[in-house]
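A.B. asks: Dropping the structure in here first, questions after.
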Ligand code: CA
């Protein structure tokens, strides 16, 4: 699974520098030049991490960071603040607003990429590409292979992403709308009952090894994946 990074930076040269280096490092990049553009990009599809310039025209990066932290859909999004400010108190303000890390301009693109990887490893270990295992159910995001008790499980691409999300977020209840956001990435054009269709297919694929019992329907709420 390739992580998507949203780069919010109004200076075209810096936006380009950051975007190119992230692409070379294997990330998908979405760009925004203002807080407003960033908000509309986030509404369209949740990124996996935001690189956020502090000084933006209109809404400041700091204010956007606070909004992201307060939003139910976005509160867990990792944020790296990018800024020309060097004062210690600014750094503290940025971290208090919910930034996970802080990079001062001028910065080395290599260092920025290293910080992105470090934040993702800490905040979203499932994006690191390692195989996930629960019981004898194993999913490898790099090879796109799923096995149960050593036998291959054949899944469609959506069921694969759904299972990957469940296995990396066990024991928590997710609404259909949250699942659409997390698994489909864009909740605007898909009906919630689509989730039920794919849950049914995923359960059917896991039934032979009884792992379908891990997918619990939580009445009136959504679904939970049992990790134990
Ligand atoms: Ca700026």
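The values are calculated or read from the model by the stated rules, or taken from the named source; none is laboratory data. Not measured: the values here are computed from a predicted model. Please note: Cβ atoms are built from the backbone with ideal geometry, for glycine as well, and neighbour counts cover all protein chains shown.
A.B. asks: For residue 30, all conditions in the list (1) outside any helix (DSSP H, G or I); (2) within 12 Å of the ligand (Cβ to nearest atom) hold save one; what is the number of the exception?
C.D. replies: Result: residue 30 fails condition (2) only.
A.B. asks: For segment 196-228, enumerate the residues that are in contact with a strand residue (DSSP E or B) (Cβ under 8 Å, 6 or more places away or on another chain) and assigned to a helix (DSSP H, G or I). Walk me through it before giving the result.
C.D. replies: Going through segment 196-228, the residues in contact with a strand residue (DSSP E or B) (Cβ under 8 Å, 6 or more places away or on another chain) turn out to be 199, 202-203, 206, 208-209, 211, 214-218, 221-227.
Listed by number, the residues that qualify are 199, 202, 203, 206, 208, 209, 211, 214.
A.B. asks: Turning to a different aspect of this structure: Inside segment 33-54, can you point out the residues that are in a loop (DSSP other than H, G, I, E, B), away from the ligand (no atom under 16 Å from the Cβ) and closer than 18 Å to residue 99 by Cα?
C.D. replies: 46, 47, 48
A.B. asks: Take residues that are farther than 17 Å from residue 18 by Cα and modelled with pLDDT of 90 or more and tell me which of the strands (runs of 3 or more DSSP E) falling wholly in segment 55-170 contain 2 or more.
C.D. replies: Counting at least 2 such residues, we get 132-134, 137-140, 145-148.
A.B. asks: Right, something else. Looking only at segment 66-78, decide whether some residue is within 16 Å of the ligand (Cβ to nearest atom) and within 29 Å of residue 180 (Cα to Cα). Don't jump to the end; show me each part of the working.
C.D. replies: Quick first cut of segment 66-78, residues within 16 Å of the ligand (Cβ to nearest atom) only: none.
The answer is no; no qualifying residue exists.
A.B. asks: Which of the following residues is closer than 19 Å to residue 5 by Cβ and outside the structural domain of residue 19 (by TED's automatic domain parsing): 115, 145, 161, 172? I'd like the intermediate steps shown before the answer.
C.D. replies: On the way: 115 fails: outside the structural domain of residue 19 (by TED's automatic domain parsing); 145 fails: closer than 19 Å to residue 5 by Cβ; 172 fails: closer than 19 Å to residue 5 by Cβ.
Unique residue meeting the criteria: 161.
A.B. asks: Okay, next question. Scan segment 171-199 for residues that are within 16 Å of residue 76 (Cα to Cα), crowded, with 20+ Cβ neighbours inside 10 Å and at pLDDT 95 or above and report the count.
C.D. replies: So the answer is 1.
A.B. asks: Filter segment 171-187 down to the residues that are in contact with a helix residue (DSSP H, G or I) (Cβ under 7 Å, 6 or more places away or on another chain) and assigned to a helix (DSSP H, G or I) and list them by number.
C.D. replies: Result: 176, 179, 180, 182, 183.
A.B. asks: State whether one or more residues within segment 102-110 are more than 18 Å from residue 54 (Cα to Cα) and surrounded by fewer than 14 Cβ atoms within 10 Å (Cβ to Cβ).
C.D. replies: Checked segment 102-110: at least one residue is more than 18 Å from residue 54 (Cα to Cα) and surrounded by fewer than 14 Cβ atoms within 10 Å (Cβ to Cβ).
A.B. asks: When you look at residue 99, is it touching a strand residue (DSSP E or B) at 6+ places or on another chain (Cβ under 6 Å) and under 22 Å from residue 203 (Cα atoms), yes or no?
C.D. replies: no
A.B. asks: Moving on to the next point. Only one residue in 7, 18 is within 13 Å of the ligand (Cβ to nearest atom), in a helix (DSSP H, G or I) and either buried (at least 22 other Cβ atoms within 10 Å of the Cβ) or over 16 Å from the mean Cα position of the chain (by Cα) (or both). Which one? Steps first, please.
C.D. replies: Numbers: 7 fails: in a helix (DSSP H, G or I).
18 is the lone residue from the list that is within 13 Å of the ligand (Cβ to nearest atom), in a helix (DSSP H, G or I) and either buried (at least 22 other Cβ atoms within 10 Å of the Cβ) or over 16 Å from the mean Cα position of the chain (by Cα) (or both).
A.B. asks: Among the residues of segment 200-209, write down those that are surrounded by 13 or more Cβ atoms within 10 Å (Cβ to Cβ) and at pLDDT below 95.
C.D. replies: 209
A.B. asks: Sticking with this structure for a sec: So for segment 52-68 (the condition being in contact (Cβ under 8 Å) with a residue 24 or more places away in the chain and within 17 Å of residue 111 (Cα to Cα)), does at least one residue qualify?
C.D. replies: Let us first name the residues in segment 52-68 that are in contact (Cβ under 8 Å) with a residue 24 or more places away in the chain, namely 52-68.
The next check asks that each one be within 17 Å of residue 111 (Cα to Cα); those that pass are 52-53.
So far as segment 52-68 goes, yes, one or more of its residues are in contact (Cβ under 8 Å) with a residue 24 or more places away in the chain and within 17 Å of residue 111 (Cα to Cα).
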